[in-house]
Every structure is written in structure tokens, then in C-alpha cells.
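The values are calculated or read from the model by the stated rules, or taken from the named source; none is laboratory data. All values reported here derive from a predicted model rather than from experimental measurement. For neighbour counting, all protein chains shown are included, and Cβ atoms are generated from backbone atoms with ideal geometry for every residue, glycine included. To get the accessible areas, we keep the full protein, side chains included, count just its heavy atoms, and leave off ligands, DNA and RNA. Shrake-Rupley method; radii C 1.70, N 1.55, O 1.52, S 1.80 Å.
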Amino acid sequence: MAVPRILMVCLGNICRSPMAEGILKHRAEQLGIDIVVDSAGTSDHHQGQQPDPRAMAEMRSNGIDISYQRSRPFLTADFDRFDHILVMDTSNRSNVLSMARSETDRQKVSLILDHGNAVKGHSVPDPYFDDGFGRVYELLDYACGAFLEKLH
Ligand code: 4NP
């Protein structure tokens, strides 16, 4: 079977989606599950930048290095390159869905917290202005675990 390809998407691709990419890769490696994971932002404002130092520090304290990542914008071509597009919040979802060309594209998109959550529709809070990186890690770690269980 083809290796599943997953794209994490947030606004700037310097806080939440880089953390989600790092966590999902790490968990998959630990379980010996072969997947491809990348991340992108709906804005190109931080293109080429390393993840936010606070995101890197939170991840490092959990044993995961994301310093190699660089921000890049979400592209229409990502609908062709990925099987699952996991967005962090409802605004990311609107932005990504506005670029979808077909029902096939639309069906690839889901809120990351809808995986493993009985209550649907919740967003990962943006930690850029309030420093809530520890809470973001917890939410993403749980959601990534639930996503991998369903994938397998
Ligand atoms: P992210 O966080 O979408 O999780 O990467 C943000 C990064 C930058 C900004 C907002 C959110 N910004 O306004 O520059």
C-alpha cells in the first residue's frame, strides 16, 4: 500500500503546524509506522523562517527537534501531493477550503482536534500572542495519537 502523506496547516507555519509535524513524525517513528509528514501556512508572511523559538523550546523539552523546518505557504498543488490535510483552526480550514478545486480536495481537509475528540469543531489556540505552547503541545500530542490509531 502507498505510504500515507499528511500535511499540517496553520496560519504562519512557525508555531502550531511545525509542532504538529514534529509530533506526528516522532510518534510514527516510535511505532514503526511509515508515513510522510510536512507542514505549511495559509500565509506566506514567515516564508523561509525557522519555527518560533518558543515552539522549538517546547518541542525540545519533549525530546523532539524541529529546528530543521522552514516555513512555506500552502499551495493548491498540496491537494495533489497529500492524502490528509489537517488544519489547526476554523480560519485555516476556510482558507484551505477556498482553494479546493473539487469534492476530492475538500474531503482531504479536517480539523486536527476532530481526530479523537467526541466534540467536533474545536480549534488549536494560536500560541503566538499568548505563549500557550505547553497547552498546544498537549492538544496536538493527543490528536496525533488518535489520528495514527485511525490511520493504522
Ligand atoms: P502559527 O502562529 O499560525 O501557529 O504559525 C502564528 C504565527 C505568526 C502569526 C500569527 C500566528 N503572525 O501574526 O505573524
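Here are the numbers for the structure shown:
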| read-out | value |
| --- | --- |
| Two-site label geometry, VAL3 and ARG101: point separation in nm, points 7 Å out along Cα→Cβ | 2.5 |
| Once exposed loop trypsin sites (Lys or Arg not before Pro) are cut out (DSSP; at most 16 other Cβ, 10 Å), longest piece of the chain | 1-69 |
| Relative contact order of the chain, defined on C-alpha pairs under 8 angstrom at six or more residues apart (%) | 26 |
| Potential lengthening between HIS122 and SER67 on full extension [0.36 nm per residue; Cα-Cα distance subtracted] | 17.0 nm |
| DSSP bridge pairs, the chain: antiparallel proportion in percent, nearest 5 | 0 |
| Solvent-accessible area per residue for the chain (1.4 angstrom probe, square angstrom) | 50 |
| Accessible surface of the chain [probe 1.4 Å, protein heavy atoms]: carbon and sulfur percent | 50 |
| Three-way shape call for the chain based on the alpha-carbon gyration tensor, with the a/c threshold at 1.5 | rounded |
| MRE, 222 nm, helices only [DSSP H, n ≥ 4, -39500 (n - 2.57), over the chain, to nearest 500] | -12000 deg cm²/dmol |
| Exposure rule at most 13 other beta-carbon atoms within 10 Å, DSSP loop chymotrypsin sites (Phe, Trp or Tyr not before Pro): the chain longest free segment | 1-67 |
| Under 12 Å from the Cα of LYS108 - aspartates and glutamates, other chains or at least 8 residues apart | ASP78, ASP80, ASP83 |
| Amide H partners (placed H, <5 Å) of SER39, local residues excluded | MET8 |
| Residues of segment 73-89 with amide N under 20 Å of the 7 Å Cα→Cβ point at VAL36 | 73-87 |
